[in-house]
Amino acid sequence: MMSRPEWRTAGREERKRRVLQHCPPQTAGSEEAATCLRQLSTHAGRLPPPRVGSQPVEVIEMAKKVRDAMTAEPRTAEPTLSLVDAAQLMKSEDVGSLPIVEEGRLLAVLTDRDIVVRAVAEGVDPNAVVIGDVASRELVTVEPEQDLVRR
């Protein structure tokens, strides 16, 4: 498994490789390539599909709005659910977080990190703890129509 810096570097190198498919091959590694990359990043929304020889290459577009990246109807849990039951639910849903809702209102979010740091590392009995006791309550929320912005 790659560490986070290696993962970021791998992603950056992959993006660079994809963008370079639009630049002349003889420019790779040169100042011309850097200029081509700058021009492409400026006009990224208007690029033709990349090609390798005469074959088109699949392009993966990033989501533009929160709605494009969110789970429309996520599984939720009540704050009285046991930690074990919540962990099993997270495993079955293949998720790392679980919204905690009471009477239709978002109260907190239980994350896999909450389970590790606030329960397992503290040596508490996961059958005796409810998720409302260990979940993250300082929430930052966004609306589905908000733009996704990388900062």
Item to check | Any chance Val124 is touching a residue at least 60 places away in the same chain (Cβ under 8 Å) and assigned to a loop (DSSP other than H, G, I, E, B) | outcome: no
Checklist entry - Which one of the conditions (1) modelled with pLDDT of 95 or more; (2) surrounded by 15 or more Cβ atoms within 10 Å (Cβ to Cβ) does Gln88 fail to meet, given that it meets all the rest? => result (2)
Checklist outcome for this item: Per the list (1) out of contact with any Leu (no Cβ under 8 Å at 6 or more places or on another chain); (2) more than 16 Å from Thr80 (Cβ to Cβ), residue check on Leu107 breaks on (2)
Checklist entry - Restricting attention to region 130-151, which residues are of a type in the set (Ser, Thr, Tyr) and assigned to a loop (DSSP other than H, G, I, E, B)? => result Thr141
Item to check | Number of the condition not met by Arg118 [criteria: (1) surrounded by fewer than 17 Cβ atoms within 10 Å (Cβ to Cβ); (2) at negative phi] | outcome: (1)
Item to check | Top-ranked residue of region 134-151 - restricted to ones that are surrounded by 10 or more Cβ atoms within 10 Å (Cβ to Cβ) and in contact (Cβ under 8 Å) with a residue 40 or more places away in the chain, ranked as farthest from the chain's Cα centre (by Cα) | outcome: Val134
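The values are calculated or read from the model by the stated rules, or taken from the named source; none is laboratory data. Nothing here was measured: the structure is a model prediction, and the numbers come from that model. Glycine also receives a Cβ, built like all others from the backbone with ideal geometry; neighbour counts cover every protein chain displayed.
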